[in-house]
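This report concerns only the one structure given below.
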Amino acid sequence: MKKSLVSLTVLSVLSASSFSAFAESPQFYGRFEMAVTESDNGFTTQNKKSGTVLENNFSRLGVKGSEKISEDIEILYKVEVQVNAATNEADDDLFKPRNTYLGIKSNIGTVLVGRNDTVMKTSKGTAEAFALTNAAYNRMIAGQVRKADGITYYSPKMADLVTFNATYLMEDNYDSNEDQYAVSMTIGDKKLKKQQYYVAAAYNTIDGVDAYRAVAQVKLGNVKLGGLFQNSESQTYSDKEGNSYFISAIYHWNGINFKTEFGKDEAGFGKFFKNNSQSTTAQYNEATDVDISSFVIGADYRISKSTMIFGHFATYEGEYRVANTGPLIQLEDDNIFTVGVRYDF
């Protein structure tokens, strides 16, 4: 009995040592984020409901890791799901898929196969001041998508400065007559640590939209300034196209990030327009002369390494015309006030 116990103990130690020599132990992680929101019309809330609502801002669970199979080649994996247990975001699904892939990393770059944010989406870096909230970029513009059945490539960082990246979607599960892909180039550091600046350019043909994007962000002492320009055009409705702009500023003081962002949209692909009660599906598809503005102001404060509290006020207004004919139609305004807490583990 004692010999068996000793043998089992030795075998367990040797197995653990062998595994650690070749593979990084899987990392379990997650985020729980809840917010209370008061909205006039609910055009930008997670569940599209007005009044006082409880919002789940993409709480998630995940596991990720890697294994080195040779000196220069590493296998990567990630499985992540959104968890909707605390709120009813218009359906009863407990889990929704997020980035989930298997990949390989080598000296010539990283290739991921599965579901992932497109490189058009990730090109924004950290210039988006209110990401993953009801004031995110996708309330105003297209291109902020995550897609399955895709292949993503990230090049090595050349001269510790420049990367080239691409997303390609396989045709088997997409009803499209055109190839669906996105490409991007980045310069600098999106976290503004190694370099105090970040610049990106991207092109997208995914989700029926052709779009060009330019992003810039710079850190000046305690201030971060960011900007995004995008031109978007429908692949189906030739008159539906236009430019969009965002300008953001974040000031860090005594542990608090004071944030503001102004947006202007002349294309009409965002959720505020799509969900607006003045816009029917046909009008949304054939909208022209779009003129939508947004303004957001807020702050966040990390009370511990894992816990952050935040709040913001956002306002949206706009107008449009249908197929270049008829009078301008006024969209219903929306004013949103949100306070919430984020816990990472």
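A few remarks follow.
- GLU80 surrounded by 19 or more Cβ atoms within 10 Å (Cβ to Cβ), modelled with pLDDT of 95 or more and charged (D, E, K, R): no
- The stretch 164-175: number of residues that are in contact (Cβ under 8 Å) with a residue 24 or more places away in the chain, over 17 Å from GLN235 (Cβ atoms) and surrounded by 15 or more Cβ atoms within 10 Å (Cβ to Cβ): 2
- Restricting the stretch 311-336 to residues that are in contact (Cβ under 8 Å) with a residue 60 or more places away in the chain and within 21 Å of the chain's Cα centre (by Cα) leaves a set whose member that is surrounded by the most Cβ atoms within 10 Å (Cβ to Cβ) is TYR316.
- Pair list, Cβ < 9 Å and 6+ apart or interchain, from the stretch 135-162 residues that are among the small types (Gly, Ala, Ser) to residues that are surrounded by fewer than 17 Cβ atoms within 10 Å (Cβ to Cβ) and in a loop (DSSP other than H, G, I, E, B): GLY150/MET170; SER155/ILE108
- Qualifying residues in the stretch 301-345 (those that are of a type in the set (S, T, N, Q) and at pLDDT 95 or above) - the one farthest from GLY42 (Cα to Cα): SER304
- Condition check for GLU33: under 30 Å from PHE310 (Cα atoms) and either at pLDDT below 95 or among the charged types (D, E, K, R) (or both): yes
- Yes/no for PHE272 being touching a residue at least 24 places away in the same chain (Cβ under 8 Å) and part of a helix (DSSP H, G or I): yes
- The set of residues in the stretch 223-258 that are among the aromatic types (Phe, Trp, Tyr) and either outside any strand (DSSP E or B) or at pLDDT below 95 (or both) contains only TYR237.
- Checking the stretch 100-108 against the condition returns no match, with no residue being within 13 Å of the chain's Cα centre (by Cα), in a loop (DSSP other than H, G, I, E, B) and of a type in the set (A, V, I, L, M).
- Scope the stretch 145-161; condition in a strand (DSSP E or B) and on the phi < 0 side of the Ramachandran plot; matching residues: ARG146, LYS147, ALA148, GLY150, ILE151, THR152, TYR153, TYR154, MET158
- Matching entry among ALA202, ALA142, ALA182 (being outside any strand (DSSP E or B) and either crowded, with 18+ Cβ neighbours inside 10 Å or of a type in the set (Phe, Trp, Tyr) (or both)): ALA142
For every residue, the table says whether it meets (1) charged (D, E, K, R); (2) touching a residue at least 60 places away in the same chain (Cβ under 8 Å).
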{"residue": "THR118", "(1), (2)": "no, yes"}
{"residue": "THR122", "(1), (2)": "no, yes"}
{"residue": "ALA127", "(1), (2)": "no, yes"}
{"residue": "PHE130", "(1), (2)": "no, yes"}
{"residue": "ASN177", "(1), (2)": "no, no"}
{"residue": "ASP210", "(1), (2)": "yes, no"}
{"residue": "GLY226", "(1), (2)": "no, yes"}
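- The listed residue being assigned to a strand (DSSP E or B), within 18 Å of the chain's Cα centre (by Cα) and not aromatic (Phe, Trp, Tyr), out of LYS96, LYS121, LYS190: LYS96
The values are calculated or read from the model by the stated rules, or taken from the named source; none is laboratory data. All values reported here derive from a predicted model rather than from experimental measurement. Note: ideal-geometry Cβ built from the backbone for every residue, glycine included; neighbour counts use all protein chains shown.
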